[in-house]
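Written below as structure tokens is the structure these notes are about.
The values are calculated or read from the model by the stated rules, or taken from the named source; none is laboratory data. Since the structure is predicted, the reported quantities are computational estimates derived from the model, not experimental observations. Cβ coordinates were reconstructed from backbone atoms using ideal geometry, including for glycine residues, and neighbour counts include every protein chain displayed.
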Amino acid sequence: MGVHGFFGTERYLLPDLWSLHLYTYACPLRLGEQTLPIRPGHVGLTPPNTPVEYAYNGPSHHLYVHFQCVDPPRGAPPVTTIPAMQPLGEDFARFYTAAEVMVSRGGGGESRAQARLWDLLYELVEHPATDDEATAAHPAVRRSVATIELRLSEPLSVQELATQAGVSYSYLARLFQQEYGTSVVSYIRERRVERARHLLQATTLPIKVIAAQVGLGDLQAFNKALRRHYNKSPRQIRNGIVRKSLAESRPLASPNTPLSPGTRA
């Protein structure tokens with residue numbers, strides 16, 4: 001998980017690594033010679049050695065993976081392309097969760113993480129074209145989701161979210177029910193425990209620090225929330241993950257595709 005936007009515009013260039021980004025905010029992205037709009041629910045793929053410039057509108061969170069590709073062997077099938085930026089519509093939440101598990105190397109070590117990356121890349125190849133305007137969430141939902149992601153460590157009220165989004169409390173509640181099949185409060189609760197699980201698995205931050213970062217600073221409430229959602233304590237979630245150094249990862253070999261990913265969080 002990356003947190004950016006504290007300094008407005010940021011520029012990057014990775015000589016040897018591809019980048020896969022899952023976005024929950026909106027801003028323009030300058031990719032080489034073209035400008036692409038980022039919106040919540042978009043997935044971006046950046047080739048290596050490509051200048052990238054983000055014009056952030058404030059602190060912005062996105063999930064990312066860096067990986068390597070190799071040139072296809074002579075006589076290999078034609079390379080399949082993936083759009084540099086594409087909306088996933090209603091599939092984004094599921095894709096995001098799968099990517100979180102993959103980045104945290106959820107229980108299977110580096111090889112399992114790389115296999116998950118293969119699955120996600122193939123899914124992007126096969127994902128049907130999406131009419132972004134037709135399938136995008138209501139602007140009030142997009143704004144509320146972005147605010148929730150940015151402020152998980154803070155107290156959040158539905159009324160405040162509705163006011164910031166320019167709609168009434170009841171209308172925002174109906175929009176969330178239509179978009180996610182759940183209430184705003186339940187959505188916030190789920191994002192808190194999902195973020196907590198990710199931090200427990202992917203970092204060595206103290207449990208009390210993680211609890212504070214996801215807005216559940218009371219350790220008893222934090223423990224209770226995780227047990228209710230995952231039926232495990234924070235320590236059980238953390239101890240269930242076998243970590244390896246990224247330097248130990250080896251790219252998967254395949255005779256049928258030029259992709260050979262090694263995940264980096």
Problem - Residue that is under 16 Å from the mean Cα position of the chain (by Cα) and among the polar types (S, T, N, Q), where the choices are T46, T9, T50 - result: T46
Fill in the blank from the handout: For the stretch 35-69 the number of residues that are touching a residue at least 40 places away in the same chain (Cβ under 8 Å) and either over 20 Å from L13 (Cβ atoms) or of a type in the set (S, T, N, Q) (or both) is 13
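List the strands (runs of 3 or more DSSP E) inside the stretch 1-57, counting only whole elements, that have at least 1 residues being under 20 Å from F92 (Cβ atoms) and of a type in the set (A, V, I, L, M).
2-4, 18-23, 27-31, 34-38, 42-46
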Exercise for the section: Would you please list the contacts, defined by Cβ atoms under 6 Å and residues six or more apart or on different chains, that run from a residue in the stretch 167-179 that is at positive phi to a residue that is in a loop (DSSP other than H, G, I, E, B) and of a type in the set (K, R)? Expected result: none
Practice task
Return yes when V141 is in contact with a Leu (Cβ under 9 Å, 6 or more places away or on another chain) and in contact (Cβ under 8 Å) with a residue 24 or more places away in the chain and no when it is not.
Solution key: yes
Exercise for the section: Among the numbered conditions (1) closer than 30 Å to P83 by Cβ; (2) out of contact with any Asp or Glu (no Cβ under 8 Å at 6 or more places or on another chain); (3) touching a residue at least 40 places away in the same chain (Cβ under 8 Å), tell me where A212 comes up short. Expected result: (1)
Problem - Condition met for G215 (surrounded by 18 or more Cβ atoms within 10 Å (Cβ to Cβ), at pLDDT 90 or above, at positive phi and not assigned by TED's automatic domain parsing to the domain that holds I82) - result: yes
Handout entry: 1 or more residues touching a helix residue (DSSP H, G or I) at 6+ places or on another chain (Cβ under 9 Å) and surrounded by 18 or more Cβ atoms within 10 Å (Cβ to Cβ): qualifying helices (runs of 4 or more DSSP H) within the stretch 114-209
Key = 139-150, 158-165, 169-180, 184-202
Exercise for the section: Tell me which residues, restricted to the stretch 11-35, are farther than 26 Å from M102 by Cα and surrounded by 11 or more Cβ atoms within 10 Å (Cβ to Cβ). Expected result: P28, R30, G32, T35
